[in-house]
1. Would you mind finding the one in Leu57, Leu11, Leu28 that is farther than 21 Å from Lys79 by Cα and touching a residue at least 12 places away in the same chain (Cβ under 8 Å)?
2. Among the small types (Gly, Ala, Ser), modelled with pLDDT of 85 or more and either surrounded by 15 or more Cβ atoms within 10 Å (Cβ to Cβ) or in a loop (DSSP other than H, G, I, E, B) (or both) - does that describe any residue in the stretch 59-72?
3. What number goes with the only condition from (1) surrounded by 10 or more Cβ atoms within 10 Å (Cβ to Cβ); (2) over 20 Å from Lys79 (Cβ atoms) that Asn46 does not pass?
4. Give the stretch 14-25 a look and list any residue that's under 24 Å from Lys79 (Cβ atoms) and surrounded by 14 or more Cβ atoms within 10 Å (Cβ to Cβ), or say none.
Amino acid sequence: MSTFEIKQQSLAVMVLKRPKMFTVNGELSEIITLFRGYEIAMDNVNEVLDDSPKIALTWLSEKVDLNYKFVPPADFVSKVSAVSE
């Protein structure tokens, strides 16, 4: 019988690897919404166990020059898609 090591991954990495497992359609707007909701929830706890969604949102907002904490403009997803191409 073989054993293998289970690697612990951050929430952001897991969601980005399998977006349809964590969202309805796996769309970028759903992922951003999930991460933002997680970030809002982190504001109400004493100890943050995984801040990877906040780190991912900060990185993304810097890449597309937008502030994700406000309601994103209609062209937000198209700007993000342009960065990934």
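1. Values: Leu57 fails: farther than 21 Å from Lys79 by Cα; Leu28 fails: farther than 21 Å from Lys79 by Cα.
Of the residues listed, the single one that is farther than 21 Å from Lys79 by Cα and touching a residue at least 12 places away in the same chain (Cβ under 8 Å) is Leu11.
2. Here is the first cut: in the stretch 59-72, the residues among the small types (Gly, Ala, Ser) are 61.
Okay, now just the ones that are also modelled with pLDDT of 85 or more, so none.
There is no residue in the stretch 59-72 that is among the small types (Gly, Ala, Ser), modelled with pLDDT of 85 or more and either surrounded by 15 or more Cβ atoms within 10 Å (Cβ to Cβ) or in a loop (DSSP other than H, G, I, E, B) (or both).
3. (1)
4. The answer is Val15, Leu16, Pro19, Phe22, Thr23.
The values are calculated or read from the model by the stated rules, or taken from the named source; none is laboratory data. As the structure is a computational prediction, the values presented were derived from the model and not from experiment. Note that we place each Cβ from the backbone using ideal geometry, even for glycine, and neighbour counts take in every protein chain shown.
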